[in-house]
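Please treat every number below as a calculation from the coordinates, not as lab data. Not measured: the values here are computed from a predicted model. Here the Cβ is made from the backbone with ideal geometry for all residues, glycine too, and neighbour counts use every protein chain on show.
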Amino acid sequence: MSLSTRATIDDLYRVEGKAELVNGEIVHVAPVGEDPGTAGFEIAVNLRAYARGTGRGRAFPDGVGFTVHLPHREAFSPDAAYHVGPHRGMRCAEGAPIFAVEVHSEHDDGPAAEREMAAKRADSFAAGTLVVWDVDLLSPEVIRSYTASDPDHPVILRRGERADAEPAVPGWHMAVDELFA
């Protein structure tokens, strides 16, 4: 692909491993370690139980793509997500998840990483996501829960507390300690 050619969703399908489509370019996402992977999976499993119990929405683990239509971003791939859009089978989910989770990896610290995460959260909210969790297993502030209605003031959750994704996933909650199982 030449530098002047924008990548498309079809190009994204041909990429091995996790990637997103930002500014017309395929952005590869590095694999995560055991603890961040387990935390994202634990959230997805809890969301799946909720979806099955309510008959509403679908829970997704790491690696599932969501196509969106922003000027500079066409696809997300959060570490866990909850989506209420139409089922698309073998294709990426259409539209942003209403709840998205980003789990910090080993090297997701410092000002540059924080700017990248804040930009992705802003894109998520612009695309229609209602709640984004920023999960940092190495911080005493394990979950920072951001809402589209107040994106600059996250709710901070620590070990021993229960987390929810209101208003995106009504009535759902899980113990923060489950992220360390």
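Between V27 and D109, the modelled label-to-label distance comes to 2.3 nm, taking each label 7 Å out from Cα in the direction of the beta carbon. Report the Cα centroid-to-centroid distance between the range 113-153 and the range 36-96 in angstrom, as an integer. For the range 113-153 versus the range 36-96, the Cα centre distance is 16 Å. Mean-square fluctuation check for the chain, GNM, Cα pairs under 10 Å: which of A100, A59, A122 is largest? Of A100, A59, A122, the Gaussian network model singles out A122 as fluctuating most. Based on the Cβ-Cβ distance of S149 and F180, what FRET efficiency does E = 1/(1 + (r/R0)^6) give at R0 = 22 Å, to the nearest 0.05? About 0.15, to the nearest 0.05.
Could you tell me which of rounded, prolate or oblate describes the range 18-155, using a ≥ b ≥ c as the square roots of the eigenvalues of the alpha-carbon gyration tensor, with rounded for a/c under 1.5 and, failing that, prolate when a/b is larger than b/c and oblate otherwise?
It comes out rounded by the Cα gyration axes.
Per residue of the chain, what 222 nm ellipticity follows from adding -39500 (n - 2.57) for every DSSP H run with n ≥ 4, rounded to the nearest 500?
-7500 deg cm²/dmol
Seen from R88, the other residues with C-beta closer than 11 Å to its C-beta sum to a net charge of +1, counting Lys and Arg as +1 and Asp and Glu as -1. Amide H to amide H, with H built 1.01 Å from N, A75 comes under 5 Å of L21, V68, counting only residues 5 or more places away or on other chains. Annotation for E16 and A122: the two label points, set 7 Å from Cα along the Cα-Cβ direction, are 3.5 nm apart.
Annotation note: trypsin sites (Lys or Arg not before Pro) in the range 1-106 located in DSSP loop regions with a Cβ neighbour count of at most 16 within 10 Å are R6, R14, R56, R88, R91. Applying both filters, DSSP loop and at most 11 other Cβ atoms within 10 Å, to the GluC sites (Glu not before Pro) of the range 13-81 gives E16.
Label-to-label distance for D35 and A49 is 2.3 nm, based on points extended 7 Å past Cα in the beta-carbon direction.
Taking the fewest neighbouring Cβ atoms within 10 Å as the starting point, the ordered list for T38, T129, T8, T67 is T8, T38, T67, T129.
Could you please report the charge total around A19, scoring K, R as +1 and D, E as -1 over all other residues with beta-carbon less than 12 angstrom from its beta-carbon?
Counting the neighbours of A19, the net charge comes to -3.
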